[in-house]
Every structure is written in C-alpha cells, then in structure tokens.
Amino acid sequence: MTSLPKSLAKAINEFSKLPGIGPRSAQRLVFYLLKREPIELDIFSESISKLKEGVIFCAVCHIMSDSPTCTICLNSSRDQGLVCVVEESLDAVAIDKSGTFRGVFHVLGGVLNPMEGIGADKLAIASLESRITNQEPSIQEIIIATNPTLEGETTAMYISKLLRSKFPELKLTRIARGIPTGGDLEYADEITLTRAMEGRREY
C-alpha cells in the first residue's frame, strides 16, 4: 500500500489535533496547502509560529488584546458597573457582536473541571473578587454567562455562591436558556445571544 511522504503525514497528524478537525478534514487542508505558492505557505507558517507573540491579556478583564488594557475596558461609553463573566475571550467577542450588551467583561480562562485538575485557583475568580472590591465606579451587576454545559453550570453555581456570600448587596444574574444545553457561545447566532442576554434572571 502506498504511504504518504513523512512531511505530509506529520502535517495531517498535527491538523487532526485541532478541535473539530478529523483525519479526513486534516488531509484535505494539507493537500489544499500543498497546492499554494511557497510565499503563501511562508506567510501562513509565520502567522502560526508568531501566534502568541502579539497576544496580550487585558490586566482588567483578561480578554485577549493588543495592549495591556483592552479597548472595551477603556471605552468610557460602556457601563463599567455591568460585568459579564464568560469562560473565554471568544465568548466575549460573540456576545459583543450581538450589539445588545453595553457593559464590560471578565474572562475566567476556562471552567472548573476537577477531572483535569482545574480548580478555582486556575481561573480568574480571585481577580473578579478584587475587581468588585476595588473598582470605581462600583460594579452593580454581575451577569454569569458561562456555557450551559455541566462544567459551565458548576462554575456558575460556584461563582454565584462565592459572590453572594462576600457581596450580598451585589445583583447576580444568569443568562437565559437561549443557548442550547451543550452548546458554546462562540457558535451561537446573534438572535439567540440577544434573547439569552435580555432574558437573564437573578441568580
């Protein structure tokens, strides 16, 4: 049986490690790239190799940014007293694109997952507490917008109990079930996100 050159096999193997990319999709991508001009491949490989170099995490909300403080946190027209807590930067981008949320964000950097050794100390929960304590103007409402997965719900419950015990006067809400169970915010359409945001409830 004919085998692929080692360079192709290695590239296919690496592509297949990406989420949502199986062996066949990986093979199609590699063969597509094989047909491109060398200069295009150089640009592509350089963008991958330098992927992390241009990414900074905002010191306030932890969203991926080009500068130490992101444009959302620096935007004086946004409601700094309304904070939406999300798992990842892509979730914040998805909500922001809906155009209905004019507050700011707080990115946890994941969810609680004891099976994978991810506890509260691995997430940006302590910085959320500090932000609520020290931010001026003061934060009036926290919207918990973790994904409606088992881990997302567990994280939401943990955060709500923690904040309610330490900040009893703080309004806590959870986005409504406009997002399907098991779904990810980054893949939701704008109408679904809008309904979820508008239908949030007190936690």
Margin query: For segment 136-161, give me each residue that is among the hydrophobic types (A, V, I, L, M, F, W, C) and closer than 18 Å to GLY109 by Cα.
Written below: ILE142, ILE143, ILE144, ALA145, LEU150, ALA156, MET157, ILE159
Notebook entry, point to check: Does PRO137 meet the test of being at pLDDT below 95 and touching a Lys or Arg at 6+ places or on another chain (Cβ under 9 Å)?
Noted result: no
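Per-residue answers, yes or no, for (1) loosely packed, with under 12 Cβ neighbours inside 10 Å; (2) part of a helix (DSSP H, G or I); (3) at pLDDT 95 or above:
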{"site": "ALA11", "(1), (2), (3)": "no, yes, no"}
{"site": "LEU18", "(1), (2), (3)": "yes, no, no"}
{"site": "ILE21", "(1), (2), (3)": "no, no, no"}
{"site": "LEU33", "(1), (2), (3)": "no, yes, no"}
{"site": "ASP42", "(1), (2), (3)": "yes, yes, no"}
{"site": "SER45", "(1), (2), (3)": "yes, yes, no"}
{"site": "ILE48", "(1), (2), (3)": "yes, yes, no"}
{"site": "GLU53", "(1), (2), (3)": "yes, no, no"}
{"site": "HIS62", "(1), (2), (3)": "no, no, yes"}
Item checked: Checking GLY109 against (1) closer than 16 Å to ALA59 by Cβ; (2) buried (at least 21 other Cβ atoms within 10 Å of the Cβ), the condition it does not meet -> (2)
Notebook entry, point to check: Going by the conditions given, is TYR203 touching a Lys or Arg at 6+ places or on another chain (Cβ under 7 Å), among the aromatic types (Phe, Trp, Tyr) and surrounded by 12 or more Cβ atoms within 10 Å (Cβ to Cβ)?
Noted result: yes
Checklist line | Count of residues meeting criterion [surrounded by fewer than 12 Cβ atoms within 10 Å (Cβ to Cβ) and in a loop (DSSP other than H, G, I, E, B)] in segment 120-141 | finding: 2
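The values are calculated or read from the model by the stated rules, or taken from the named source; none is laboratory data. Note that this is a predicted model, so its numbers are computed, not measured. Note that we place each Cβ from the backbone using ideal geometry, even for glycine, and neighbour counts take in every protein chain shown.
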